[in-house]
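Readers should treat all values here as calculations from the given coordinates under stated rules, not as data from a laboratory. Because the structure is predicted, anything quoted here is derived from the model rather than measured. Heads up, the Cβs are rebuilt from the backbone with ideal geometry, glycines too, and the neighbour counts pull from every protein chain shown.
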């Protein structure tokens, strides 16, 4: 048996007729930029996230960048970001001219360690960017309390956690302004690049629409030096079709995760994902850690099982951030995760026999190779 790391077939094949109908409807409308399909999706996605407003943009990185610009964050400011996030979170800050300030993750949940945030706050700190990594909601009540205490903004990076919640409140609705991604492999994936910003502030929502469209609220009149970052009608139409199934797909991944947890519970050479008692996990990824990571990945590959590493090099050790002068040992928890994490196959519609095959292969590895 072969088990891919990710397969779109279980969700895309049943939707093909609806998706083709959506494409035909956009084609026939002769309206391709910021029309009715974008408006419809923005309204529906805001409702899904329990937020008041949504603005569709070109991709997830631009969603975060525009969110930061709406907060007037720039040169001389600092933004707190988890040390083990994907580099896009940090890049969005750097694009504004602000300084990235990294904070270690919690060793159990892999999300930002809320107990270590305050020690990194300085007079220059302007915002905190919690990242709901791998699909699990962060401890947002604590983040919001810290932000309120120090008069800081909160920007959620919601790229991996659409459908997750903390204390019953969905990710993407907690922060002042929040960015998400609809990259094809995300929980809600477009057929290409796309992203969105959510907020409960009417003023921030207005600003996002200006920044995404050349800095213009009225055509040919430009208030700021904005961007061309607009969710197009075709992607919006596709996303609207898929949004109606997002909860179903989330439940499918959660079912798969439950099977992984059950079947791998006896493997003492693995650390399995831990979900905070007040959080839900959308399982964008199912990430284990083990000191035998590289050997296990090679073994699974030989058994026809696809895996990936999220992420092999933390941002502070990337060449892109050598200017920060943060060498090995600067963030030992983030660095340990980078050396030991492995993402197992995870996708909506994954079959029970595929999960069992992966688990049996991991158990055999434990018996034969350790």
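Could you tell me which of rounded, prolate or oblate describes the range 130-190, using a ≥ b ≥ c as the square roots of the eigenvalues of the alpha-carbon gyration tensor, with rounded for a/c under 1.5 and, failing that, prolate when a/b is larger than b/c and oblate otherwise? All intermediate terms of the calculation are to be shown ahead of the outcome.
On the way: a/c = 2.79, a/b = 1.90, b/c = 1.47.
Judged from the Cα gyration tensor, the range 130-190 comes out prolate (a/c at least 1.5, a/b above b/c).
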Simple label model, 7 Å out from Cα along Cβ direction - residue 319 to residue 29, nm | 4.3
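Can you put 7, 89 in order of Cβ neighbours within 10 angstrom, beginning with the fewest?
On the way: 7 16, 89 25.
The fewest-first ordering by Cβ neighbours comes to 7, 89.
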Euclidean distance of C-alpha centroids, the range 220-266 and the range 151-176, integer Å | 14
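I need the shape label for the range 262-370. Rule: rounded when a/c is under 1.5, else prolate if a/b > b/c, else oblate, with a, b, c from the alpha carbon gyration tensor. It would help to have the intermediate numbers written out before the result.
Details: a/c = 2.02, a/b = 1.60, b/c = 1.26.
Taking the square roots of the gyration eigenvalues as a ≥ b ≥ c, the range 262-370 is prolate.
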Cα-derived Rg over Rh, computed across the chain with Rh taken as Kirkwood radius | 0.97
Normalised by the number of residues in the range 9-243, what is the relative contact order in percent for Cα pairs under 8 Å and 6+ residues apart?
-> 26
Quick one: check the C-alpha center-to-center distance for the range 299-350 versus the range 42-103, whole angstrom.
-> 22
May I ask you to sort 66, 333, 197, 362 by Cβ crowding, counting other Cβ atoms within 10 Å and putting the fewest first?
-> 333, 362, 66, 197
Report the calculated FRET efficiency for residue 244 and residue 9 (r = Cβ-Cβ distance, R0 = 25 Å), to the nearest 0.05.
-> 0.85
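Given the DSSP H assignment, sum -39500 (n - 2.57) over each helix run of at least 4 residues in the chain and divide by its residue total; what's the result at 222 nm in deg cm²/dmol, nearest 500?
Numbers: 11 runs with 143 residues, N = 370.
Here the helix-only value at 222 nm equals -12000 deg cm²/dmol.
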Net length gained if the chain between residue 353 and residue 91 were fully extended (0.36 nm per residue, minus Cα distance) | 90.3 nm
Output the peptides 293-305, 172-184 sorted from most to least packed, where packing is the average of other Cβ atoms within 10 Å over each peptide's residues.
-> 172-184, 293-305
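Efficiency by 1/(1 + (r/R0)^6): what FRET value for residue 16 and residue 339, r their Cβ-Cβ distance, R0 = 51 Å, to the nearest 0.05?
Details: r = 41 Å, r/R0 = 0.80.
It comes out at approximately 0.80.
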Please order 19, 140, 129 by the number of other Cβ within 10 Å, starting at the fewest.
-> 19, 140, 129
